[in-house]
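Read the structure below first, then the notes.
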Amino acid sequence: MSVKSAKAIVLDRDGVINEDLWGYVTTKEEFRPIEGSLDAIAKLTNEGYFIAIATNQACINKKIISLKELEKVHSYMIELIEQQGGKINFIAF
């Protein structure tokens, strides 16, 4: 894919992909997708978009969860998205 033809979209995680708990998602059980969000990501993937997630995870710095625990939440999210036919290309936090 050339730079000129690249299409990218950057999504926030909490409140866009999953329900915003007004706290921290610390386990995969707390990750609840917003209705339609996973299908929307699948549609973007199928349209050729590079999909990135940018998410503020202050819970790491506050030592509420570890990096390993955050990675488990993100792995679960990626699994759900892939089950719908979508793909996450990059996550920044």
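The values are calculated or read from the model by the stated rules, or taken from the named source; none is laboratory data. Just so it is clear, the structure is predicted and the values come from calculations on it, not from any experiment. Cβ sites come from the backbone with ideal geometry, for glycine too, and all protein chains shown count toward neighbours. Quick note on the areas: whole protein, heavy atoms, side chains included, nothing else; ligands and nucleic acids left out. Shrake-Rupley method; radii C 1.70, N 1.55, O 1.52, S 1.80 Å.
Report the residue count in segment 25-56 for those that are of a type in the set (Phe, Trp, Tyr) and under 14 Å from the mean Cα position of the chain (by Cα). Don't jump to the end; show me each part of the working.
So in segment 25-56, the residues of a type in the set (Phe, Trp, Tyr) come out as 31, 49-50.
With the extra rule that they be under 14 Å from the mean Cα position of the chain (by Cα), the set shrinks to 31, 50.
Number of matching residues: 2.
Among (1) modelled with pLDDT under 95; (2) over 22 Å from TRP22 (Cα atoms), where does ALA58 come up short?
The one condition ALA58 does not meet is (2).
Consider ILE53 against the criteria (1) crowded, with 17+ Cβ neighbours inside 10 Å; (2) at pLDDT below 95: it satisfies all of them except one. Which criterion is unmet?
(2)
So GLY23 passes all but one of these: (1) at pLDDT 95 or above; (2) closer than 27 Å to LEU67 by Cα; (3) out of contact with any strand residue (DSSP E or B) (no Cβ under 9 Å at 6 or more places or on another chain). Which condition number does it fail?
Result: GLY23 fails condition (1) only.
For segment 70-93, name all the residues that are part of a helix (DSSP H, G or I) and surrounded by 15 or more Cβ atoms within 10 Å (Cβ to Cβ). Steps first, answer last, please.
Here is the first cut: in segment 70-93, the residues part of a helix (DSSP H, G or I) are 70-83.
Once the filter is applied, which keeps residues that are part of a helix (DSSP H, G or I) and surrounded by 15 or more Cβ atoms within 10 Å (Cβ to Cβ), segment 70-93 yields LEU70, LYS72, VAL73, HIS74, TYR76, MET77, ILE78, LEU80, ILE81, GLU82.
So is GLU35 in a helix (DSSP H, G or I) and either open to solvent by 60 Å² or more (accessible area, probe 1.4 Å) or modelled with pLDDT of 95 or more (or both) or not? Give the derivation first.
Values: in a helix (DSSP H, G or I): no; either open to solvent by 60 Å² or more (accessible area, probe 1.4 Å) or modelled with pLDDT of 95 or more (or both): yes.
No; evaluated as a whole, the condition is false for this residue.
Being of a type in the set (A, V, I, L, M), under 16 Å from PHE93 (Cβ atoms) and not in a loop (DSSP other than H, G, I, E, B) narrows it down to one of ALA42, ALA52, so name that one. I'd like the intermediate steps shown before the answer.
Numbers: ALA42 fails: under 16 Å from PHE93 (Cβ atoms).
Among ALA42, ALA52, only ALA52 is of a type in the set (A, V, I, L, M), under 16 Å from PHE93 (Cβ atoms) and not in a loop (DSSP other than H, G, I, E, B).
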